[in-house]
Amino acid sequence: MNKPQQIGVTGGIGSGKSTVCQIFGTLGVPTYEADSRAKWLMSHDEDLIRAIKDQFGEESYADGELNRPFLSKTVFYDPEKVAFMNQLVHPRVGEDYKAWVQTHTEQPYVIREAAIMLEKGYHEYLDAVVNVAAPVEVSMTRVLLRDLHRDREQVEAIMEKQLSEEIRREQATHTVDNDGKRLLIPQVTRLHGIFAKGKTAG
């Protein structure tokens, strides 16, 4: 069974990865958003739910839903807890992604979006990587408007743990600038024209 070309989309928090993926989706490209899918699995995969409760307590879920404010406060600031959570969730997401790719073998390419793609080395298994870049303050404003359970200090802590923009640009094969000044759609459609032909550069 032939696999479609696999293209990664990554970038810092608030850079606009989801927006770029939505544009690819509008162009008919199947898109796998790892963060969204991880949240779905954490709320629907019974084995994963039980493992999270066993490790972090029944408070990890409230009214049958993932208690994100609780986990954000109790897990994020403890490196050991973050590592353990990742050990629970990331392998399950990886399995889910592989199964998803096999449902799109008729496509010339698919998109995999993940915030920590470069940090974890996932890009080594992809054909190309698109980095979505935005200035720090632009990203900060977007996140604070979107994630009401986070404050500025929490977002700054997340940003400090991310790769620098310089490193992202070096490791990615393409960069889309989402600074609010340059139009996104022309940048994405140009890349679509390249990937749809089975190429990774052009």
Quiz item: Looking at Tyr32, is it in contact with a Lys or Arg (Cβ under 8 Å, 6 or more places away or on another chain), closer than 30 Å to Pro108 by Cβ and of a type in the set (Phe, Trp, Tyr)?
Solution: yes
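Wholly within region 114-188, which helices (runs of 4 or more DSSP H) include no fewer than the required count, namely at least 1 residues that are of a type in the set (S, T, N, Q) and over 15 Å from the mean Cα position of the chain (by Cα)? Reasoning before the result, please.
Details: elements: 117-120, 136-146, 152-161, 165-171.
Per the criteria, 136-146, 152-161, 165-171.
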Quiz item: Has region 34-47 got at least one residue that is more than 16 Å from the chain's Cα centre (by Cα), hydrophobic (A, V, I, L, M, F, W, C), farther than 30 Å from Val188 by Cα and surrounded by 12 or more Cβ atoms within 10 Å (Cβ to Cβ)?
Solution: no
Practice problem: Name the residue, out of Arg152, Arg168, Arg182, Arg146, that is in contact with a strand residue (DSSP E or B) (Cβ under 9 Å, 6 or more places away or on another chain) and surrounded by fewer than 12 Cβ atoms within 10 Å (Cβ to Cβ). | Solution: Arg182
Exercise. Can you confirm whether region 85-101 contains a residue that is of a type outside the set (D, E, K, R), in contact (Cβ under 8 Å) with a residue 12 or more places away in the chain, over 26 Å from Arg168 (Cβ atoms) and not assigned by TED's automatic domain parsing to the domain that holds Arg190?
Key: yes
Quiz item: When you go through (1) assigned to a loop (DSSP other than H, G, I, E, B); (2) within 30 Å of Leu27 (Cβ to Cβ); (3) within 19 Å of the chain's Cα centre (by Cα) one by one for Phe76, which number turns out not to apply?
Solution: (2)
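Collect the residues in region 79-107 that are aromatic (Phe, Trp, Tyr) and either outside any helix (DSSP H, G or I) or under 22 Å from Ser60 (Cα atoms) (or both), keeping them in residue-number order.
First, the residues of region 79-107 that are aromatic (Phe, Trp, Tyr): 84, 97, 100.
Answer for region 79-107, where residues must be aromatic (Phe, Trp, Tyr) and either outside any helix (DSSP H, G or I) or under 22 Å from Ser60 (Cα atoms) (or both): just Phe84.
The values are calculated or read from the model by the stated rules, or taken from the named source; none is laboratory data. Here the structure is a predicted model, which means the values were calculated and not measured. Note that we place each Cβ from the backbone using ideal geometry, even for glycine, and neighbour counts take in every protein chain shown.
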